[in-house]
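Only one structure is covered here, and it is reproduced in the block below.
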Amino acid sequence: MMFKYFTRALTQRIFLAFLISIIAHAVVHLAPGEPSEVDPSNPLMKPEDIAQIRMAFHLDQPLYLQYAYWIRDLVNGDLKSFKDSQPVLPKIWERFLNSLPLFFVGTLIVWCLSFPTGIYAAVNRGSKYDRLSTFGSYALISLPSFFLAYVAILWVVNNFGVPVLGMRTFGLEDASGISRFMDRVWHLVLPSFLSAMGGVAVLSRYVRSQMLEVIDQDYVRTARSKGLDEDTVIYKHALRNALLPFITMFGLMLPAMVGGSVIVEQIFAWPGLGRLGYEAILNRDYPVILTLNFIAALLTLLGTFISDVLYAVADPRIRLQ
Amino acid sequence: MILKNALLFIPFLVFLGLLQSYLWVPTYGDQTTAGDGRLEKFISAISGDARLLNPIVAADSASGFVVSHVFDSLLEIDENLRLKPHLAKEYKVSCLATIVVGEGFSPESLLQKISPHLTSEASEIRVLEPSTLIRLIDPDGPGPLKEQEVKVTRPNRIEFSLDDVDPSFFEKSLKVLGAEYGQEVTGISAVSVSGKISEGLISIATALAPITEIRPVIDFDLRKDVTFHDGEAFDASDVKFTYEAIMDVRNLSPRRSDFEPIESIHIRDSHSVRVIYKRPFAPAIFVWSYMGILPEHLLNSVALDKEMDARGISGTARDGFGVRASKFNRSPIGTGAFKFTDWKTDESISLARNQDYFDGPPEYKELHVRIIPDSVAREVEFKAGAVDTYLADPHQVARYLKDPAYQPFTSLGLGYTYIGYNLRREPFQDVRVRRALGMAINIDEIIDYVLYGEGQRITGPYPIQTDWYNHDVLPEAYDPEKALDLLKEAGFHKNSEGFLEKNGQELRFNLISNNGNPQRKAILTIAQNSWRKLGIRCDTRLLEWAVFLKDYVNTGDFDAVVLGWGLSELDPDLYQIWHSSQTGPQQLNFVGYKNNEVDNLIENLREEYSRTRQVKMARNLHSLIAKDQPYTFLYVGRRTQVVDRKIVMVKRNESGSVVDYEKLRPTPTGNLNYFFNRWRKLEAIPDL
Amino acid sequence: MTRKNIKSPVRETWSHFSRSWFSVSGLIILAFLVVVAVSGKVLTEWFVVFDAETVRLPQKLLPPMSLANTNSFDETKGLLFGRYLLGTDELGRDVFARMLQGSFVSLSIGLFAVGISLVVGISLGGLAGFYGDKKIGIIRVDTLIMRFTDVMLAFPTFFLILTVVALLPPSIYNIMAVIGLTSWMGTARFVRAEFLSLRDADFVVAAKALGASEMRIIFRHMVPNAVAPVFVSATLGVASAILAESALSFLGFGVRPPYATWGNILSDGRSYIFDAPWLFFVPGFAILVVVLAFNLVGEGLREALNPQLRRTK
């Protein structure tokens, strides 16, 4: 039973991945415009040169053949960026490693902050604290993130006089290992706080409403009526049950790595995946756009698959559907 | 309760852990003090990362900047705009002139007949034996390639070696010989073709076997004391290889058309090369003043094969693997004043001083380029002293001009901005309307307030600092009243709503431009406003670049556009932009400008080799086009690089000790980097 | 039981809603915003009382409350008290008038985007929830729709933005569309869930037994019951649509002139953050206040409409 459920979920997703790759390819290639290497409006470039470049990029071929070339090169690992002729996969991997710490610290902040805030607000529902945290978390997501980013950068640079841009302080190669490490941690602080902001607001509201729902359930009342102290009731019985829906969220967090932080990476000069994708779009670097989107789609599918599996394991009723 | 406490403590610990890192980070103040060698590092900030660090494929400004420090060219343009030897010790321009021996002549009798009519003295005269040429050519021009094999049989020819390029060497002789001379042995009769003969083929084939040829020659004598950064000596094979790599179609070099006039390059000995051109083309020598020379030993087919093996590239991918795909482009090795050391993608590129540089090592020990995409962020880093220079936006420049801590350097660009009118549509067919529209816009005010004075007004199709520009054409003054009179003359009158109309048709049109250029956006708004004051309704739209080109410009579906051209300083050719044959879809004369006089002049200019006559013709063209006003020509923009004022130029005496400091200065063409190797940063702003 | 004690659902909701001071002030701000937006449209475009378009280059980047220089311009028309209340921008246009004009555009982008997202979300979610068991060929309708939702969720947002910018001619409607079409997936999911649970609810089963038509069941019985959460998410959706528009403007994909929106005023203003901070902070704070108001009203509605949460009080 379990096995059948998994295989069905898996085949569905493989089919989906295939579909997504076709749609993505068609959309990118049907969009007007050509790679910035092909610049027909540049009077210094002769039509022969342009024809040559288009041929090298297979842009003169019918769409289905271009799709075939893309898939073939992707599988062989021969896929090269138009921009610098470097292989696409290592390029993406390099950026992935740069985005990873940002993503990790951001997620850490989100989860660390949301749970205490949300639980406390639920327990003290209607109190001054509850209302303040509601207001605070909505205030955080009510500002355009780039507005906040500029204000934060200017504030830190003017008041503390330390660099905040980039992944590390420039020219610190000769410092000791520990200070280089701490320097990198410092450069994570602002961008990860900024990218965590929205997450904290959303997740803490979610934790709060989950807790409120659970607190009224019968088993919590029973536990309370048994005379257990309030902390045990809340943190042991209620929280454990409120946690179930969060399992799904783990899976869905993965794709946020790709598109989640374009603006923050752009402002903080962070060489991550979001910036890679954004610049590839501006340059119409098809191999990079396509591969990046395909990977993001695969990650999402993987994420939903994982959360389905976790759910099925945690809650056997689902499997019977 | 453990969990409750943990939920409180973990966030606390995380924040503490994150925030304590502040204590480890050096402040800007620490970074800019002399202690850790900051004064010996030059740090520049740039908005986009470099693409390929290789002179033959570098097209963006970041790559260009790095490449110019890592590679050297054969020649240089010095501060007086004259060519100066660099990797080449010496160079000499001469010429080979050949004439076909026609039917009824022997080489001797031909020579006898024409020698009184030759215009220069030949240093050497040779008779060339008959030969055959085999070429693959594409008769249809660009598009899917359909190559045909062409075999050209060339008869006896006489070759004269001349000390100077003389394009008219045979002019008189040909008159004497008559128009029919040599027709029977050249052109299509000398060509045998595989497959169908089309009209395109005939013209190409005729060009392959002309009756006379004037082929300029440049002989370069190379320096013998130059080595690449890996220790290998620089020699003639590197020059030849660089040319071949540019022409190799696999490398998609954007410089290919610049080198197209070259017929061949010959290695005469290990340190001298001869470049032979297909035809006289005066600006051709300038390509040697910017093209960096590649190390042949690292990029020839043996080296590339080795690299492919190491990277496990096999099958069809091997065929397309050229210099463009090589790892060399991410860790280049040249002969330049700086050696490449490190490239962190989208973060920074680092170079280190080349101690053995043939021209003497530069003052700076290290040269770094930092990539900071956001303009506010760039300014923040620059003001904090973490960056020594960057290209400032016009409104920032206004601030730096007043600040004693910085020195801004401005140079005119080679591009100009204009408003173009679609001449196929009413009412733009009437020159009075175009003039009126131009007069209604206060261009000087745009330059003063939108560009903060960082631009210069132009009146015609050439950048103002080039010789081609005609300074006798005066700009039309801002005069909305006269503009209104002109429009009335053209038949427009104000209707009851206060808008202009003609035959019941309101004067209303659209003005479009591409998104992402703040200056064009401002011009769009200003033009709309100025025209509305005359009573013209103008709808403006900003479109994404790709959409803008494909759906509007290329299809001719627009009334007016705000756009710019980037031109070359060396070449006065206007064929693509102004010739009436270039008005089709996808072509650059998208406004549909047609003027026979201009057409003839453009064609003649293409075949003219004398600089003085070129200048005269170009200026003539300028005034013709300016009279027609198919565009409202606006301005040539300036670029401003701001540099920390602590940076100066070092002057050393012959024994190498520092004599004096000078203020930084650019060359007359605005090249600030020309003296870069003499730059150095001092601890305090000097009194210069 | 007297009549007085039976509250209509609307009144009951209101009494819960009005308990929160934040929500009420949010609502007041929103009411004010609507007035501003409508008058913005009327006063800057139909009857030009505030002139948002005239370019006065010599008077650019003037700080707020500057007196307009009347010497060079015969017309002080379009200014209040002859002053630039919020200063001028880089072309010398009146920021106050532009903000006023932008309020209408920004608000309509938010509303239309959410409208699109709701229409798509409710129809797909409803179809999946109600007809989920029907089959097209071998695939269940529910599977088909929910997998499609997954596909949409699988694309990163910036990719979808490119898609629409690329495929359709760029216009303000397409910005609305792109925001709407990238945000319906959540609505579809919970409408489906709501329908699934309502399908088996007593009153629906009863209606079916009485022979009510499917359409009647859907629109009379199920939609009104599912509408509460939709309403909440719509309110929050407007907030995020306004933010999304400003983010798009920052990346250069936003609404183009001649339309002024708060988002593009803000993103143009950022280059002048040192020279003319008001160009940056005025639209920034305007966005903060309005988006916050939408969020607080949405939160208040959520609390007031949630019967489960209501019970505990």
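Just so you know, all these numbers are worked out from the coordinates, no wet-lab data involved. As the structure is a computational prediction, the values presented were derived from the model and not from experiment. Neighbour counts run over all protein chains shown; Cβ positions are idealised from the backbone, glycine included.
In straight Cα distance, which lysines are under 23 Å from A:Lys236, not counting same-chain residues fewer than 8 positions off?
Result set, ordered by chain and number: A:Lys226, B:Lys4.
Only helical DSSP H runs with n ≥ 4 go in: add -39500 (n - 2.57) per run for chain A, normalise by residue count and round the 222 nm mean residue ellipticity to 500 deg cm²/dmol.
Rounded to the nearest 500, it is -23500 deg cm²/dmol.
Write down, largest first, the equivalent ellipsoid semi-axes of the protein assembly as shown in whole Å, where each equals the square root of 5 times an eigenvalue of the alpha-carbon gyration tensor.
Semi-axis lengths for the protein assembly as shown are 62, 37, 34 Å.
What net charge do the residues around B:Thr242 carry, taking every other residue with its C-beta under 13 Å from that of B:Thr242, with Lys and Arg at +1 and Asp and Glu at -1?
Value of the local net charge: -4.
Between B:Asp163 and C:Tyr173, what is the label-to-label distance in nm when each label sits 7 Å out along the Cα-to-Cβ direction?
7.6 nm
Shape of chain B from its Cα gyration tensor (a ≥ b ≥ c, root eigenvalues): rounded if a/c is under 1.5, otherwise prolate when a/b > b/c, or oblate?
Judged from the Cα gyration tensor, chain B comes out oblate (a/c at least 1.5, b/c at or above a/b).
Check the straight Cα-Cα distances from A:Lys83 and name the lysines below 28 Å, setting aside those fewer than 8 residues away within the same chain.
Result set, ordered by chain and number: A:Lys46, A:Lys91, B:Lys146, B:Lys240, B:Lys306, B:Lys327, B:Lys339, B:Lys344, B:Lys521, B:Lys550.
Top mean-square fluctuation among A:Thr300, A:Thr107, A:Thr232, Gaussian network model of chain A, C-alpha springs under 10 Å?
For chain A, modelled as a Gaussian network with Cα springs under 10 Å, the answer is A:Thr232.
Farthest toward the dipole's positive end in the stretch B:1-95, which of B:Gln31, B:Phe42, B:Asn80, given Cβ charges of +1 (Lys, Arg) and -1 (Asp, Glu) about the Cα centre?
B:Gln31
Among DSSP beta bridges whose residues both lie in the protein assembly as shown, state the antiparallel percentage, nearest 5.
Close to 85 percent.
What is the Cα centroid distance between the stretch A:113-189 and the stretch B:78-131, reported in whole angstrom?
Centre-to-centre distance over Cα atoms comes out at 74 Å.
Tell me, what is the FRET efficiency for B:Asp687 and B:Asp359 to the nearest 0.05, using R0 = 30 angstrom and their Cβ-Cβ distance as r?
Taking R0 as 30 Å, the efficiency between B:Asp687 and B:Asp359 is 0.55.
Would you compute, from DSSP H runs of 4+ residues alone, the mean residue ellipticity of chain C at 222 nm, taking -39500 (n - 2.57) per run and dividing by the full residue count, rounded to the nearest 500?
-20500 deg cm²/dmol
From the Cα gyration tensor of chain A, with a ≥ b ≥ c the square roots of its eigenvalues, which class applies: rounded if a/c is under 1.5, or else prolate if a/b is larger than b/c, or else oblate?
Oblate, because a/c is 1.5 or more while a/b does not exceed b/c.
Take the alpha-carbon centre of the stretch B:441-495, take the same for the stretch B:566-609, and report the distance between them in whole Å.
So the two Cα centres are separated by 22 Å.
If I take R0 = 56 Å and measure r between the Cβ atoms of B:Gln505 and A:Asn159 in this structure, what FRET efficiency does the formula 1/(1 + (r/R0)^6) give, to the nearest 0.05?
E(calc), rounded to 0.05, equals 0.35.
Per residue and in cubic angstrom, what volume does the convex hull of the Cα atoms of the stretch B:334-449 have?
218 Å³
Between B:Ser496 and B:Glu184, what is the label-point separation in nm under the 7 Å Cα-to-beta-carbon projection?
Each label point is offset 7 Å from its Cα along the Cβ direction, giving 8.4 nm.
How compact and how long is chain C, expressed as Rg and Dmax of its alpha-carbon atoms in Å?
Using the Cα atoms of chain C, the pair Rg, Dmax is 23.7, 81 Å.
Kindly put A:Ser225, B:Ser173, B:Ser623 in sequence by how many other C-beta atoms sit within 10 Å of each C-beta, fewest to most.
Ranked by crowding around the Cβ, least crowded first: A:Ser225, B:Ser623, B:Ser173.
Counting DSSP beta bridges with both partners in the stretch B:415-639, what percentage is antiparallel, nearest 5?
Taking every DSSP beta bridge with both residues in the stretch B:415-639, the antiparallel ones total about 65 percent.
I'd like to know how the stretch A:91-276 sits against the 2.2 N^0.38 Å rule of thumb: what's its Cα Rg over that expected value?
1.23
May I ask you to derive the FRET efficiency for B:Glu481 and B:Arg457 from their Cβ-Cβ distance with R0 = 30 Å, giving the value to the nearest 0.05?
0.90
Taking amide H positions as placed 1.01 Å from N in the peptide plane, with prolines and chain starts having none, which residues 5 or more places from B:Leu128, or on another chain, fall under 5 Å of its amide H?
Here B:Arg157, B:Ile158, B:Glu159 satisfy the definition.
Which residue, C:Ala207, C:Ala52, C:Ala228, tops the fluctuation ranking in a GNM of chain C built on C-alpha contacts under 10 Å?
C:Ala207
Could you tell me how many cubic angstrom of Cα convex hull volume the stretch B:415-639 has per residue?
Taking only Cα atoms, the stretch B:415-639 has a hull volume of 120 Å³ per residue.
When the helices in chain B are scored as -39500 (n - 2.57) per DSSP H run of 4 or longer and the sum is shared across all residues, what 222 nm value do you end up with, to the nearest 500 deg cm²/dmol?
-7500 deg cm²/dmol
What's the exposure ranking of B:Ile137, A:Ile281, A:Ile22, going from fewest to most Cβ atoms within 10 Å?
The order, fewest Cβ neighbours first, is A:Ile22, B:Ile137, A:Ile281.
Work out the count of Lys pairs in chain C where the Cα-Cα distance is under 26 Å, with the pair 8 or more places apart or on different chains.
7
Any idea what % of Cα-Cα pairs in the stretch B:250-308 are farther than 19 Å?
45 percent
Can you tell which of A:Ala149, A:Ala31, A:Ala122 shows the greatest fluctuation in a Gaussian network model of chain A with Cα springs below 10 Å?
Looking only at A:Ala149, A:Ala31, A:Ala122, the biggest GNM fluctuation is shown by A:Ala31.
Could you give the length gained by full extension between B:Ile2 and B:Glu103, i.e. 0.36 nm per residue of separation minus their alpha carbon distance, to one decimal place?
Extending this stretch completely gives an extra 25.4 nm.
In what order do B:Lys494, A:Lys128, B:Lys240 fall by count of nearby beta-carbon atoms within 10 Å, going from fewest to most?
Fewest-to-most ranking of B:Lys494, A:Lys128, B:Lys240: A:Lys128, B:Lys494, B:Lys240.
Where Lys and Arg each count +1 and Asp and Glu each count -1, what net charge lies around A:Met167 among other residues with Cβ under 9 Å from its Cβ?
Net charge in that neighbourhood comes out at +2.
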